[in-house]
1. Compute and list, largest first, the equivalent-ellipsoid semi-axes of the stretch 183-228 from the alpha carbon gyration tensor, each √(5λ) rounded to a whole angstrom.
2. Among the DSSP beta bridges whose two residues both lie in the stretch 1-69, what percent are antiparallel, rounded to the nearest 5?
3. Can you work out ³J(HN,Hα) from phi for every residue in the stretch 146-151, in order, using Karplus 6.51 cos²θ - 1.76 cosθ + 1.60 and θ = phi - 60°, giving whole Hz and x for Gly and Pro?
4. Where does helix 216-231 land angle-wise versus the long Cα axis of the chain, in degrees 0 to 90, nearest 10?
5. If contacts are Cα pairs under 8 angstrom and at least 6 residues apart, what is the relative contact order of the chain in percent?
6. Could you work out Rg/(2.2 N^0.38 Å) for the chain, with Rg from alpha carbons only?
7. What percent antiparallel are the DSSP beta bridges of the stretch 173-276, to the nearest 5?
8. For the chain, with all protein chains present and a 1.4 Å probe, just round the carbon and sulfur fraction of the accessible area to a whole percent.
Amino acid sequence: MSEQTHHDPTALQSLAAAFTVESNTHPVSDERRAQLIDKPAFGEVFSDHMAHMTWTKGEGWSDRRIEPYGPLNMDPAASVLHYAQECFEGLKAYHHDDGSIWMFRPDANAERFRNSAKRLYLPQLPVDDFLGSVGALVTKERAWVPTRREYTLYIRPFMFASEPFIGVRATNEAEYCVIASPSGPYFTGGVSPVSIWVEDQWFRTGPGGTGFAKCGGNYAASLVGEYRGIEHGCEQVCFVDAATKTYLEELGGMNMFAVHKDGHLETPSLTGNILPGITRNSIIRLAQDHGRDVVETMIGIESLLDDIRSGEVTEVFACGTAAIVTPIGRFKSERFDVSVNGGKTGDLTLALRNELLGIQLGEIADPHDWMWKVC
């Protein structure tokens with residue numbers, strides 16, 4: 001698709017048309033669906049349908065379809081169950097006041113999905129198939145998109161090695177699916193600062209690892225740190241680099257920014273250890289739109305804490321697809337316990353969050369043409 005046509009809904013619909021539709025013969029009732037999408041918790045409710053494609057070595061991708069949501073038929077020897085060859089994405093569909101449904105930067109998700117698949121030695125899904133699959137599913141499930149503000153239809157594309165083979169090599173068979181989940185805010189307490197446990201004993205990845213790929217192993221590796229944080233009264237964990245235990249990298253599922261008193265922002269460099277967040281990239285561009293410098297650099301934990309204590313750093317926030325922008329009010333470890341901005345949400349943090357959310361909901365102008373109309 002060309003840059004000139006990719007926001008034309010008819011172009012997205014033409015890609016979606018490649019997917020045959022088998023309707024669920026037992027969908028939930030309209031009344032039950034209305035209850036399910038009213039105030040759903042994040043990631044607990046799923047819609048009636050899913051997208052599905054199959055890849056076979058020598059034949060490529062085939063059998064593009066929308067089918068009833070349901071269990072997958074998987075052999076116990078499927079490679080993914082033994083060697084974790086899988087990757088995934090996360091994006092959202094938004095209901096606008098005129099009743100239309102939109103997605104935020106799905107082309108960026110498609111490219112990142114290809115990069116993740118390449119790192120896991122999985123087949124790379126064509127961008128048009130990614131866009132067609134999410135477009136077809138959202139069109140089919142438009143009634144599942146919540147209308148309550150800040151509630152969305154979370155879309156989860158994923159791919160896994162399905163070949164029944166217990167051996168370490170590239171798979172000869174893979175499955176690609178997309179499921180949809182009406183979801184509320186990631187943090188149920190709303191826009192309030194979270195406490196961060198700084199983990200320096202366990203690591204989610206390391207140099208040359210899979211940190212830049214969106215794959216389950218990274219998240220599984222983060223759990224021990226996350227629960228150590230919970231045990232110490234924190235809502236989230238931030239990991240330091242495995243090589244030196246010196247530099248902050250990312251939260252379990254979010255990127256991080258520090259706001260300095262002169263107005264510039266700093267965010268950890270994309271060293272290959274952290275996920276190149278689409279929300280992160282969007283925040284950088286919005287800050288630059290307002291004339292702010294954004295520096296991508298290695299952020300030392302001790303330097304950051306000193307800057308917070310001195311007032312050089314006035315705000316710190318995290319960002320990601322699920323949580324959008326979340327203020328950080330505290331950094332804690334076995335060695336320190338430091339509050340940020342008196343534990344309050346900073347003005348710039350809130351302004352950037354409101355601007356990004358406003359674009360996504362169609363409430364303010366979209367200067368970068370990030371939004372894609374689906375239907």
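1. Working from the Cα gyration tensor, I get semi-axes of 24, 15, 9 Å.
2. Just about 80 percent of them are antiparallel.
3. Taking θ as phi minus 60°, the curve returns x, 9, 5, 4, 6, 9 Hz for the stretch 146-151.
4. Approximately 40 degrees, to the nearest 10.
5. 19 percent.
6. Dividing the Cα radius of gyration by 2.2 N^0.38 Å gives 1.00.
7. Among the beta bridges of the stretch 173-276, antiparallel pairing accounts for roughly 50 percent.
8. Carbon and sulfur together cover 49 percent of it.
The values are calculated or read from the model by the stated rules, or taken from the named source; none is laboratory data. What you see is a predicted model; the values in this text were computed from it and never measured. Heads up, the Cβs are rebuilt from the backbone with ideal geometry, glycines too, and the neighbour counts pull from every protein chain shown. Quick note on the areas: whole protein, heavy atoms, side chains included, nothing else; ligands and nucleic acids left out. Shrake-Rupley method; radii C 1.70, N 1.55, O 1.52, S 1.80 Å.
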